[in-house]
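For reference, the structure discussed in these notes is given below.
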Amino acid sequence: MKNVFFILAILFANIAISQTHQISKHNGEELDVNFIKHENDLIHYSFNGSSEEHKISKYAVSQITNKQTNQTQKISGKVIIDSKSDFKLVTVLPQEKTIGLKQAANFTGVSTKTKGEPPIANINQTVMRIKTQSAVNGYPFVSIVEKDNGKYEAIAYTY
């Protein structure tokens with residue numbers, strides 16, 4: 001009976017330790033990992049032999065393939081920005097959801113303040129201006145950091 005439990009323990013430990021998934025990123029990089037979960041636009045995983053949990057933005061990942069069943073799950077499509085008119089495709093992300101994307105450029109400016117406009121309209125105009133500037137340069141993602149003095153800093157990201 002002890003031998004049966006020992007053999008079962010070794011089999012389950014081997015399955016738990018082996019790399020079970022492959023993450024394919026939009027930049028062509030592939031990672032062999034142990035997939036943990038997909039939550040809040042972040043993919044949680046660990047590397048072989050490590051219990052340390054890593055995260056990557058779903059926007060950086062094309063697909064996840066289960067190596068045991070060869071089943072592929074599409075995570076996100078690649079966004080290609082060709083011109084200024086593609087500003088609608090630019091995605092504004094919070095800073096914590098840019099893990100795995102490559103920082104491409106920083107730009108700063110003054111937030112829009114139009115007399116008689118409500119604050120939300122001013123924020124929308126500022127976001128529109130940042131998205132347009134990002135589209136002109138071909139960056140599909142941007143993160144905006146508001147400053148207290150009416151200025152902002154935008155960080156553009158690419159794959």
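The values are calculated or read from the model by the stated rules, or taken from the named source; none is laboratory data. Since the structure is predicted, the reported quantities are computational estimates derived from the model, not experimental observations. Cβ sites come from the backbone with ideal geometry, for glycine too, and all protein chains shown count toward neighbours. To get the accessible areas, we keep the full protein, side chains included, count just its heavy atoms, and leave off ligands, DNA and RNA. Shrake-Rupley method; radii C 1.70, N 1.55, O 1.52, S 1.80 Å.
Please go through the residue pairs K37/K78; K55/K84; K78/K151 and name each one whose alpha carbons sit more than 24 Å apart in this structure.
As for pairs spanning more than 24 Å Cα to Cα, those are K55/K84; K78/K151.
Quick one: which residues, 5+ away or cross-chain, put their amide H under 5 Å from the amide H of I36? H built at 1.01 Å from N.
H44, Y45, S46
On C-alpha positions alone, give me the angle between the axis of helix 2-17 and the longest principal axis of the chain, in degrees, nearest 10.
Here the helix axis deviates by roughly 20 degrees.
Net charge near E153, counting Lys/Arg +1 and Asp/Glu -1 over other residues with Cβ under 14 Å of its Cβ?
Value of the local net charge: +1.
Just one of (i) 10, 30, 25, 17, 10, 5, 3, 1, 0; (ii) 12, 43, 38, 8, 0; (iii) 10, 38, 35, 13, 3, 0 is P(r) over Cα pairs in 10 Å bins from 0, in percent as worked out from the coordinates here. Which one is it?
This structure yields the entry labelled (i).
Given the whole protein assembly as supplied and a 1.4 Å probe, what does the accessible area of V79 come to in Å², nearest 10?
Approximately 40 Å² for this residue.
To the nearest 10 Å², what's H38's accessible area with a 1.4 Å probe?
Spelled out: H38, probe radius 1.4 Å, area about 80 Å².
Put E153, E52 in order of accessible area, largest first, 1.4 Å probe: what do you get?
Output order, biggest surface exposure first: E52, E153.
Give me, ordered by chain and number, the residues 5 or more places off S62 or on other chains with an amide H under 5 Å from its own placed amide H.
When sequence neighbours closer than 5 places are left aside, the close amide H contacts are S24, K25, H26.
Running a GNM on the chain with Cα contacts under 10 Å, which residue among N137, N48, N40 ends up with the highest mean-square fluctuation?
Largest GNM mean-square fluctuation: N40.
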